[in-house]
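Bear in mind that the values in this text are calculations on the coordinates, not laboratory data. Remember, predicted model here, so these are calculated numbers, not experimental data. So basically every Cβ, Gly included, is an ideal-geometry build from the backbone, and we count neighbours across all protein chains shown.
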Amino acid sequence: MSNEERRSFFLSRAQQQNIVSSPSIRFNVVERISTRDYQNYFDEKIQKQIALHGCNGFDQWIRKFIEEWNEKELRIGVIGTSGVGKSTFINTMRDLPPDHPKAAKACSNKEGTTNVGAYPDVKNPKVVYYDFPGTGVPNFPIREYSETFQLNSYDFFIILVSNRFTENDCYLANELHKCQKKFFFVRTRIDQDITNEREDRGDEFNEQVYLDETKQICQEDLKSIPGEHPVYLISGRLKNYTKWDFPKLVQDLIENAPGLKREALVHTISANSHEAVEQKGALIRSRIFKVALASAGIAAVPVPGLSICCDVALMVREIHLYLKDFGVDNEAIEILSKRLGINLEDLVKVIYGAKMVFLDADDTGIRRLLIEKLSETAIVYAAEEGARYLPLIGPVIASGISFTAVYKVLHYFLEEIIVLAHKRIDQIVAHSR
């Protein structure tokens, strides 16, 4: 602590009141303790929450603030004629095998009707995939499609074909363009096409050349649509999630989702590619700020020992969210071992190595590691417990210390879990060749 900060403890009550009420001085004190972003803590609404409800009220309020994304509904339309692999694609996006009880069933949506199948994600039911009938079915005029299905009520669309894009697909895309709706062109069953081409051409077959040629043909089909629209070549099968353009498709879906709905999609979509892992990591790094903010609010309430107890509970809850988000929690690893046909014990050793602490069923290991990391800042917490009893300026300093401690420790755990997630992807790729 600098001499200037030490002198602030000995200011008169009137001078301390002036510091707390002066944003410029107050922010300077906190900047030296934590970060510039932490100025948001002094938002009027947060101060009001603490004043009205204390720790319990603030904890509930900040938890709602942190989980805001969980209340946002995301509606994703999947359009294509029967047989293009819509149900397979929807199941893969939901990380479900075709025999799962909640999996979308092939041909469940009868062509020529206005029925739209709805398939909520099993992890987040507010993210819903809608199975639309194709645009080229008999007795169904394409020019009535947009109005009949109220396309304006959906967030974005994925237009699937298994061969060529048609005039009807282009018409629909132009209608979506007029409505300022995002849409993505997806060419499915590329795995089957590659297998067939390799059998036909033998040693002359070049996969990359074939993929480039296929994309070029698709782009020719879509030249009447304004703007640039990539074509994603994928296999909708779950085991091929990491291949061809599937990771890029998922990445672009996330980047084009609006606001908090993007956060909902990132938390919901399984981290089945290195790209998805990095996107989740970027989002959670920004989330950590909010969680540390919650800790800071708790630290500002003068009850001895309260902040350290609340911080541990808060961080354990967060760590479990990260493990689940990245697919490296107990349940997810068991499912993965069955899916890949790998012995569970062997898979755990490869992914976790010396990090078995993350698999403790009762959180004992996680809590112990948390305390170990927090003990590295024990002197900081000791300073916090004393500082909060200083008149007025104490809570400002204490909350800044708590913010910094939680912020740093959660970042440590997040980076450790991201490493595990990348090892998990390596195993998926290695066993899906």
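So here's what we get for this one:
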{"item": "Cα-Cα over 19 Å, subset of Lys123/Lys324; Lys105/Lys324; Lys126/Lys324; Lys64/Lys126; Lys72/Lys123", "result": "Lys105/Lys324"}
{"item": "For the stretch 73-270: rounded, prolate or oblate by the Cα gyration tensor [a/c cutoff 1.5]", "result": "rounded"}
{"item": "Packing-based exposure ordering (other Cβ within 10 Å, fewest first) of Phe165, Phe289", "result": "Phe289, Phe165"}
{"item": "Peptide ranges 327-334, 228-235, 177-184 listed from the most packed, as the mean C-beta count within 10 angstrom indicates", "result": "228-235, 327-334, 177-184"}
